[in-house]
Each structure stands twice: as structure tokens, then as C-alpha cells.
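Novice: The structure follows.
A short reminder: the numbers here are calculations on the coordinates, not readings from a lab. Predicted model only: the values in this text are computed from it and were never measured. As a convention, Cβ positions derive from the backbone with ideal geometry for all residues, glycine included, and neighbour counts pool all protein chains shown.
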Amino acid sequence: MTTMPMVSRKGKLHRFLDLLNSVMAGIAATMMIFMMLAISCSVIMRYLFNRPVAWIVEISSYLMLYITFLGTAWLLRREGHVEIDLFTSQLSPRQRAVLRSVTSVGGAAVGFVLAWKGVLITIDYFRRGVMAMDILNTPQYLLMAIIPVGGFLLMIEFILRIFRLNPPFSKGG
């Protein structure tokens, strides 16, 4: 009776993270479509009308940063990141799980550093009013703000991946 609430909370946590990561990936996909259309429009404007749209390159570079950090945790949950299997294909399933667990610890550490340092830098840029030196004169903290969000979600996904790869460890037996 006491384990049921924990199981249901774990299920709710996983569902919440799935929903959050899916929403973020959907936003990233929408940004990618916008970026594709904007760049196409810029090319048409440049070559057909000799009137390039200067801000599109700048916005596209910002969107690439956001797309990366919005989609990385979603991609990890689906095991979609690049994996070089020349070495891992020679391992047993248990050895692969152990190796993935070890790399997941490293990935969680990287996610933690991205979140921690990202928060510090974003707050610093906000307090100092740092602006990007570009056409749109964008506040730099708006560009940096996605890094701690994406880093935190990536860290959580790597931690959950360790438990998914080691079910006996995650069930306490």
C-alpha cells in the first residue's frame, strides 16, 4: 500500500517530463520551419529583388541555439543521439547497459554544468544589461536563457536513463 503512491508519482513525473519535452521539441520544430521559410524568403528577396533581409541571418543563428537546447532532452529520451556502434556492437547487452550508464553519468554532469553556469551567466548578463552587438541589438540574457533550461532537462533525462538501463538498481533489488 505504501509503494503505490510512489509508483503513481513516478508515472506522473515521467508523463510530465514526456509532455514538457514533447512541447519543447514541438516549439523547436516550429522554429526550424520558420527558419527554413525565412531563409528561403531571404534568398528570394536577395536574388530576385536585390533586397536582402539582413535580420534573418541573425534570427536564424539565435533559433539554432534554441532549437538545440529545446530538443536535446526529447531526443535523448528516444535514444536518438548519434552513437558510434563499432565498439558497442561487440559488447553484450549487459556491458552495453553498463557503458551507457557510465556515459549517462558523464552526460548528467555536463547537463548540470550547463544548467549551473548557464544560470550564473544569464543572471550576470541580465544585471549588467549586456546586449548582442548586432542588427537587432538583442539583450544577451534572452539568448543565454535557454541554455540552463535545456541543460537541466538534459541532466534529468540522463539521470532517468541510468535508472531505465538498470531496472534492478532502480527497484532497490
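Novice: So which trypsin sites (Lys or Arg not before Pro) in segment 23-124 pass both tests, a DSSP loop state and at most 16 other Cβ atoms within 10 Å of the Cβ? Display every interim value, and only then the final one.
Specialist: Working: sites: 46, 77, 78, 94, 96, 100, 117; in loops: 78.
Listed in order of number, the matching sites are 78.
Novice: At 0.36 nm per residue, minus the direct Cα-Cα distance, what do residue 46 and residue 126 gain on full extension? Give it in nm, one decimal, please.
Specialist: On the way: separation 80, 0.36 × 80 = 28.80 nm, distance 3.54 nm.
So the chain would gain 25.3 nm between residue 46 and residue 126.
Novice: Gain in length, residue 19 to residue 36, computed as 0.36 nm per residue apart minus the alpha-carbon separation, to one decimal in nm?
Specialist: Value of the extension gain: 3.6 nm.
Novice: Starting from the Cα-Cα distance between residue 142 and residue 116, subtract it from 0.36 nm times their residue separation and give me the gain in nm to one decimal.
Specialist: 7.7 nm
Novice: Using helices alone, what [θ] at 222 nm do you get for the chain, with -39,500 (n - 2.57) per DSSP H run of 4 or more residues, divided over all residues and rounded to the nearest 500?
Specialist: Value at 222 nm, helices only: -27500 deg cm²/dmol.
Novice: Let me ask something additional. Give me the distance between the Cα centres of segment 15-52 and segment 86-126, rounded to whole Å.
Specialist: Between the Cα centre of segment 15-52 and that of segment 86-126, the gap is 28 Å.
Novice: Which translational diffusion coefficient, to the nearest whole µm²/s, is obtained for segment 6-105 from the Stokes-Einstein equation, given a Kirkwood hydrodynamic radius over C-alpha pairs, 4 °C and 1.567 mPa s? Before the final figure, lay out each step's value.
Specialist: Working: Rh = 16.8 Å.
Result for D is 77 µm²/s.
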